[in-house]
1. Condition first: out of contact with any Gly (no Cβ under 9 Å at 6 or more places or on another chain) and among the acidic types (Asp, Glu). Can you find one or more residues in region 44-51 that meet it?
2. Taking interchain pairs and intrachain pairs at least six residues apart, which have beta carbon atoms under 7 angstrom, with the first residue in region 132-144 and at pLDDT 95 or above and the second in a loop (DSSP other than H, G, I, E, B) and not charged (D, E, K, R)?
3. Can you name the residue in region 31-60 that is of a type in the set (Gly, Ala, Ser) and assigned to a loop (DSSP other than H, G, I, E, B) and, of all such residues, is nearest to the chain's Cα centre (by Cα)?
4. Would you check if there is a residue in region 5-20 being outside any helix (DSSP H, G or I) and charged (D, E, K, R)?
5. Scan region 121-144 for residues that are surrounded by fewer than 23 Cβ atoms within 10 Å (Cβ to Cβ) and not in a helix (DSSP H, G or I) and jot them down.
6. Every residue in region 5-54 that is aromatic (Phe, Trp, Tyr) and surrounded by fewer than 21 Cβ atoms within 10 Å (Cβ to Cβ), please.
7. Name the residues in region 68-87 that are exposed (fewer than 15 other Cβ atoms within 10 Å of the Cβ) and charged (D, E, K, R), would you?
Amino acid sequence: MKILVTGGCGFIGHALCKRLLEEGHEVHIVDNHYIGREAKIAEGAKFVGGDVRAMENISDKPYDWIYHLASFSRVWLSYENQNYTFSTNVDGTKSVLEYAKRNGCKVIFASSSSIHHSISPYSTSKRMGEELCRFYRDGLGVDITIVRLYNVYGPGELVESHMAALLGRWRNQINNNLPITYHNLGTHLKPFTHIDDTIIGLIKLIKTKEINRNGWELGNDISYSVHQVYKMFEERFPNIKVEKIVDVSGGYSIVRRKDDEVRRLGWFPKDRLKEYIDSL
């Protein structure tokens, strides 16, 4: 199949492109490299453009699927970058959906678990993106699948980028002999989901006949508090120091996978968090 991946140079996008190429698909990428020098183009993929907000500049092609992963994806940073957040996550999504409608492409839209738990520019923009998907799907007939991702980590995660998530940020702080930082008392619970499981789930979505109009939830079964994750890091790096900082607006204390509908896909994620941290 011919597949377009927006955000294909990011952590999840790069891993997805590699797997799609291994399976013999033709893969094209749109990415503006906002994450910085950690952006990577998978060998064998074709880079066709730079920004989802300007899909009119991308040559029209009848892709079998578009994985729309491109987004501004950090809750705390979205407060400081509200215009960019809404421009990329809302206007960019509309631009992708228009492209899909024009070219008869099926779409997988990567949303976020934060829509269930957070009120922030980021989570609001993702809710708006989902509503756009429902309008284009139910009102305009575009074939769109919504999937929500949960705290993805693993090999290839961003470390030095300003867009690094929790584990990557801590790794960078350790590499630079800085105290690792976390909010409040670290009691927030998160279902950390390994990149391999995430990619398996995303691939299943283009192979299944199962339908979930509410959206698939690709989150691990097990949640860990940030403090528990810190203790795993402390065992691996005994000399680290920690600095507790005031929580950001829009934070949320408990995150668990919303439902088990994803079981219908035959998707069963593994708990690999400690094993991964021990491997660093």
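The values are calculated or read from the model by the stated rules, or taken from the named source; none is laboratory data. Model, not experiment: these values are computed from the prediction. No Cβ is skipped: glycine too gets one built from the backbone with ideal geometry, and neighbour counts run over all protein chains shown.
1. Looking through region 44-51, none of the residues is out of contact with any Gly (no Cβ under 9 Å at 6 or more places or on another chain) and among the acidic types (Asp, Glu).
2. 136/142
3. Top of the filtered list is 39.
4. The answer is no; no qualifying residue exists.
5. Once the filter is applied, which keeps residues that are surrounded by fewer than 23 Cβ atoms within 10 Å (Cβ to Cβ) and not in a helix (DSSP H, G or I), region 121-144 yields 140, 141, 142, 143.
6. Those that are aromatic (Phe, Trp, Tyr) and surrounded by fewer than 21 Cβ atoms within 10 Å (Cβ to Cβ): 34, 47.
7. Once the filter is applied, which keeps residues that are exposed (fewer than 15 other Cβ atoms within 10 Å of the Cβ) and charged (D, E, K, R), region 68-87 yields only 80.
One line per residue, one yes/no per condition, for (1) modelled with pLDDT of 95 or more; (2) among the hydrophobic types (A, V, I, L, M, F, W, C); (3) surrounded by 13 or more Cβ atoms within 10 Å (Cβ to Cβ):
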| site | (1), (2), (3) |
| --- | --- |
| 168 | yes, no, yes |
| 174 | yes, yes, yes |
| 194 | yes, no, yes |
| 198 | yes, no, yes |
| 207 | yes, no, no |
| 223 | no, no, yes |
| 240 | no, yes, yes |
